[in-house]
Amino acid sequence: MGMEEEASTVTLTDEGGKTLLCYVEHSLEVDGTDYVLLLPVDSPIEIFAWEVDEEDEEVETLVDLDDDEIDKVFETAKAVLAEQELTLQRTAFSLTAAGDLPELNEEETITLDLADEGEDFEAEQFQRLAFFYHEEQAYDICTPLDPLLFFARVDSKGLPQLLSPEEFQAVRSQLESKLFEAMED
């Protein structure tokens, strides 16, 4: 695909009506159903709070924010990112920032060990974009270094429907093998 050729985009919508504009990275068919692998157009954003360990005050950990906490700090985080000419957005499935991310600086990389329920730890790397305080609580604004990808099923109207975790598990191996074949071509 040449740089001048526009990648097609689709919009994912969550249950609350928020939207997320995505590029269609791959289209796949499994058992007569069309699926698409989607990559958000804007950069995904995570806001983490620094929490002091109750047993050892020297130890601080980064914790994910729930929606209520994001609501409290959103305007502050938006103002902090605006200083870097990034526009923080409340989009479906993830916060995003429109604009050009700064060059990756190794010193601004954070590695988090994320544990899935009952599964192994998975290390995820983030680029720290900004740090701020809100009501004496420290926060980091980061973007994941690995792309945030979504699998969606294309419904009868041609609209992408994000796969539920159960649906994804049911077709995961078939999607992954088709994707692997497509990438080898």
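Every number in this text was worked out from the coordinates using simple rules, so none of it is lab data. In this text, all values refer to a predicted model and were calculated from it rather than measured experimentally. Glycine gets a Cβ as well: all are built from the backbone with ideal geometry, and neighbour counts include every protein chain shown.
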Check your understanding: What's the local net charge at Asp155, with K and R +1, D and E -1, over the other residues with C-beta under 13 Å away?
Key -> 0
Review point. If you plug each phi of the stretch 94-106 into the Karplus form 6.51 cos²θ - 1.76 cosθ + 1.60 with θ = phi - 60°, what whole-Hz ³J(HN,Hα) values come out, in order, with x for Gly and Pro?
Key: 6, 5, 9, 10, 8, x, 8, 5, x, 4, 5, 10, 3
Exercise for review: Using amide H atoms built 1.01 Å from N in the peptide plane, name the residues 5+ places from Ala138, or on other chains, whose amide H lies under 5 Å from its own.
Suggested key: Trp50
Exercise for review: Considering only Val171, Val24, Val80, give the residue with the highest GNM mean-square fluctuation for the chain, with springs between Cα atoms whenever their separation is below 10 Å.
Suggested key: Val171
Revision key, fill the gap. Net charge near Thr33 (other residues with Cβ under 13 Å of its Cβ; Lys, Arg +1; Asp, Glu -1) is -3
Review point. For the chain, what does -39500 (n - 2.57) per DSSP helix run (n ≥ 4), summed and divided by total residues, give at 222 nm, in deg cm²/dmol to the nearest 500?
Key: -6500 deg cm²/dmol
Exercise for review: Return the sequence-ordered ³J(HN,Hα) values of the stretch 171-185 in whole Hz as given by the Karplus equation 6.51 cos²θ - 1.76 cosθ + 1.60 applied to θ = phi - 60°, using x for Gly and Pro.
Suggested key: 10, 3, 5, 5, 4, 5, 5, 5, 5, 4, 4, 4, 6, 6, 5
Practice item. Using a Gaussian network model of the chain whose springs link C-alpha atoms within less than 10 Å, name the residue from Leu81, Leu20, Leu28 with the highest mean-square fluctuation. Key: Leu28
**Study point:** Of Tyr23, Tyr35, Tyr133, the one that fluctuates the most in a GNM where the chain has Cα springs shorter than 10 Å
**Key:** Tyr133
Review point. In percent, how large is the relative contact order of the chain, given Cα pairs closer than 8 Å and 6 or more residues apart?
Key: 23 percent
Check your understanding: Regarding the stretch 37-111, what are the three Cα extents along the principal axes, ordered largest first, in Å?
Key -> 42, 31, 31
Check your understanding: When only Cα pairs under 8 Å and 6 or more residues apart are kept, what is the percent relative contact order across the stretch 43-144?
Key -> 31 percent
Revision key, fill the gap. Phi-derived 3J(HN,Hα) across the stretch 124-135 with the Karplus relation (6.51, -1.76, 1.60, θ = phi - 60°), rounded Hz, x for Gly and Pro, is 10, 9, 10, 9, 6, 9, 6, 9, 8, 10, 9, 6
**Study point:** Proximal lysine pairs, the chain, alpha carbons under 25 Å, eight or more residues apart or interchain
**Key:** 4
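Order these by the 10 Å Cβ neighbour count, fewest first: Lys18, Lys157, Lys178.
Final ranking by Cβ density, sparse to dense: Lys157, Lys18, Lys178.
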Practice item. Output the Cα-based Rg and Dmax of the stretch 56-155 in Å, rounding Rg to one decimal and Dmax to a whole number. Key: 15.0, 51
**Study point:** Nearest-0.05 FRET efficiency for Ser8 and Thr61, computed from C-beta distance (R0 35 Å)
**Key:** 0.30
